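S.K.: First the structure, then my questions, so here it is.
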Amino acid sequence: MSRPLGPRAASAGLLAMVLLSACGRKDANPDTSAETASGEAAASTESPSTSQTSQPASNPTSAPLTTTDIQRWEKGLDGEMQAVEEAAAKFKSARTSEDTLNAMMGVQEMSTREAGAKAAGLDPERYGFIRSNLSAVVGYLTPALGGIDTTMLSQAQRDELRQGNEAQLQRMQQDVPAEVVEAIRPRAEELRKKDMELVGARLKGAGMVQ
């Protein structure tokens, strides 16, 4: 018949169980601090390249204009004028309705854009972006050409019109910086007339005006 364990024996047995349990937990859960540190180091070395690749590249087609784009646009206008004149000659010599339609389409902006881009030394999309913005700029700088007859306005009205156009130019600065506007300002009237001549040639080439 076994005797009940005394207080000391019970305490010793309990201590042994605690020690064995502690040893078992240590073996089951090995130290992972080295692995954690190496993982964090790898993540830190990978993060810069990841952040760099995540940044979108700028679109060259819609990049802000520079002062050299003014000369490119002027060359493009000359190239488009030549294309319009060639299409107008075909319109005059057309013998069928299909010939007439093709000639009329040939004087349109989308049809002559490639000719203008080639003359400007640009791809058609970039040339179209430059053409659209600079045409608007010279229009705001010369409101009396092909637009409002400013001689019929009072001084206060002319000032208000000028301020409104300058505000429009300010809104365009993301695409047309201030230095480009200032560079084209002395030639605004000349280039505006050239742009309008191209528009008139398109209408005449399509038989819309005499």
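What follows is calculated from the coordinates using simple rules that are stated; it is not laboratory data. Quick caveat, the model's predicted, so the values are computed rather than measured. Positions of Cβ are generated from backbone atoms using ideal geometry, with glycine treated the same way; all protein chains shown enter the neighbour counts.
S.K.: Condition first: without any contact (Cβ under 8 Å) to a residue 12 or more places away in the chain and of a type in the set (S, T, N, Q). Now tell me which residues in the stretch 164-210 satisfy that.
M.R.: Selection gives 170, 173, 210.
S.K.: Could you check how many residues of the stretch 153-210 are among the polar types (S, T, N, Q) and touching a helix residue (DSSP H, G or I) at 6+ places or on another chain (Cβ under 7 Å)? Steps first, please.
M.R.: Just the residues of the stretch 153-210 that are among the polar types (S, T, N, Q), to begin with: 154-155, 157, 163, 165, 168, 170, 173-174, 210.
Applying the additional criterion that residues be touching a helix residue (DSSP H, G or I) at 6+ places or on another chain (Cβ under 7 Å) yields 165, 168.
So the answer is 2.
S.K.: When the stretch 185-210 is examined, which residues are found to be farther than 20 Å from residue 150 by Cβ and of a type in the set (A, V, I, L, M)?
M.R.: Within the stretch 185-210, 198, 199, 201, 203, 206, 208, 209 meet the criteria.
S.K.: Considering only the stretch 130-182, state which residues are in contact with an Asp or Glu (Cβ under 6 Å, 6 or more places away or on another chain) and among the polar types (S, T, N, Q).
M.R.: Answer for the stretch 130-182, where residues must be in contact with an Asp or Glu (Cβ under 6 Å, 6 or more places away or on another chain) and among the polar types (S, T, N, Q): 133, 135, 142.
S.K.: Within the stretch 103-138, can you find the residues that are surrounded by fewer than 17 Cβ atoms within 10 Å (Cβ to Cβ), closer than 15 Å to residue 191 by Cβ and not polar (S, T, N, Q)?
M.R.: The one that is surrounded by fewer than 17 Cβ atoms within 10 Å (Cβ to Cβ), closer than 15 Å to residue 191 by Cβ and not polar (S, T, N, Q): 136.
S.K.: A further question on this structure: Tell me which residues, restricted to the stretch 164-210, are surrounded by fewer than 16 Cβ atoms within 10 Å (Cβ to Cβ), among the aliphatic types (A, V, I, L, M) and assigned to a loop (DSSP other than H, G, I, E, B).
M.R.: Selection gives 208, 209.
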